[in-house]
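Structure record follows, encoded as structure tokens.
The values are calculated or read from the model by the stated rules, or taken from the named source; none is laboratory data. Note that the coordinates shown come from a computational prediction; the quantities given were computed from them, not determined experimentally. Note: ideal-geometry Cβ built from the backbone for every residue, glycine included; neighbour counts use all protein chains shown. The area values use the complete protein model at the heavy-atom level, side chains included, leaving out ligands, DNA and RNA. Shrake-Rupley method; radii C 1.70, N 1.55, O 1.52, S 1.80 Å.
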Amino acid sequence: MNNRLFLNILRFIGLALLQVMVIDNIRLGYYIHPCVYVLFIFLLPFNIPQWQLLLTGFAMGFTIDIFNGTPGLNAAATVLLAFIRPMIIDAMTRRKDINPNDEPSIRNMGVSWFLVYSSLLLCFHNLTLFALEAFSIKLMNKVILQTLLSVISSLSIILLIVLIFKKNHRKTL
């Protein structure tokens, strides 16, 4: 089996389990709902075909929906995330500056690039998720507050995860 495929399967399972077994069971208040499972979509290679990106986004969101009993909310938000991901990458980079086989990680793109990239994608994802959950224009103030607080908490946990699992590539002589 391909190493990258095996790594992505482990990421999928690990992040889904982390989300439903740990993160969802930590109560941080009414407005703070960290979403770390989206890191799976963030770290997929630059050259992944759009149909695969959408399908894996749906699979991850649907998996979270099954465990949380939220019929389609996470799936819809994660498919939107997968849909806009290439647009965000195109807006932030020139094609000649990236290796298509790489993944958009801190190691490959730098900390500031990864922070902006993750923040933008988290904003779209969380705004969609909480707007669908509220399903009312009257609750838009709460949706925006929930989005901002959740993006900050999600980004903090995602950065912690990325730094813990950061690969150290030392050249051996």
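Potential lengthening of the chain between W113 and D97 amounts to 4.5 nm, from the contour at 0.36 nm per residue minus the alpha-carbon distance.
Across region 60-77, computed HN-Hα scalar couplings (Karplus, 6.51 cos²θ - 1.76 cosθ + 1.60, θ = phi - 60°) run 5, x, 5, 4, 5, 4, 4, 6, 8, x, 10, x, x, 5, 5, 4, 5, 5 Hz from first to last residue, x flagging Gly and Pro.
Straight-line cross-link partners of K166 among the aspartates and glutamates, defined as a Cα under 14 Å from its Cα and at least 8 positions apart when in the same chain: E103. Stretching S105 away from F12 to a fully extended chain increases their span by 31.9 nm, per 0.36 nm per residue minus the current alpha-carbon distance.
Computed from Cα atoms, the angle from the helix 140-164 axis to the main principal axis of the chain rounds to 30 degrees. Between S156 and I26, the modelled label-to-label distance comes to 0.9 nm, taking each label 7 Å out from Cα in the direction of the beta carbon. With each label modelled as a point 7 angstrom along the Cα→C-beta vector, the K142-K166 pair spans 3.9 nm. Checking every one of the trypsin sites (Lys or Arg not before Pro) in region 86-173 against DSSP loop status and a limit of 12 other Cβ atoms within 10 Å picks out R94, K166, K167, R170, K171. Distance between the C-alpha centres of region 84-158 and region 4-32: 17 Å, rounded to the whole angstrom. Exposed loop sites here are chymotrypsin sites (Phe, Trp or Tyr not before Pro) assigned a DSSP state other than H, G, I, E or B and surrounded by at most 16 other beta carbons within 10 Å; excluding them, the longest clear run of the chain is 32-134.
Couplings for region 6-21, taken from phi via the Karplus curve 6.51 cos²θ - 1.76 cosθ + 1.60 with θ = phi - 60°, read 4, 4, 5, 5, 4, 4, 4, 5, x, 6, 5, 5, 4, 5, 7, 8 Hz in order; Gly and Pro are left as x. If you wrap the Cα atoms of region 11-122 in a convex hull and average its projected area over all directions, you get 7.2 nm². Taking all protein chains into account, the per residue accessible area for region 55-173 stands at 59 Å² (1.4 Å probe). Along region 82-91 the Karplus relation, 6.51 cos²θ - 1.76 cosθ + 1.60 evaluated at θ = phi - 60°, assigns HN-Hα couplings of 5, 5, 8, 3, x, 5, 5, 4, 5, 6 Hz to successive residues, with x for each Gly and Pro. Here the contact order of region 1-149, divided by its residue count and restricted to Cα pairs under 8 Å and six or more residues apart, works out to 24 percent.
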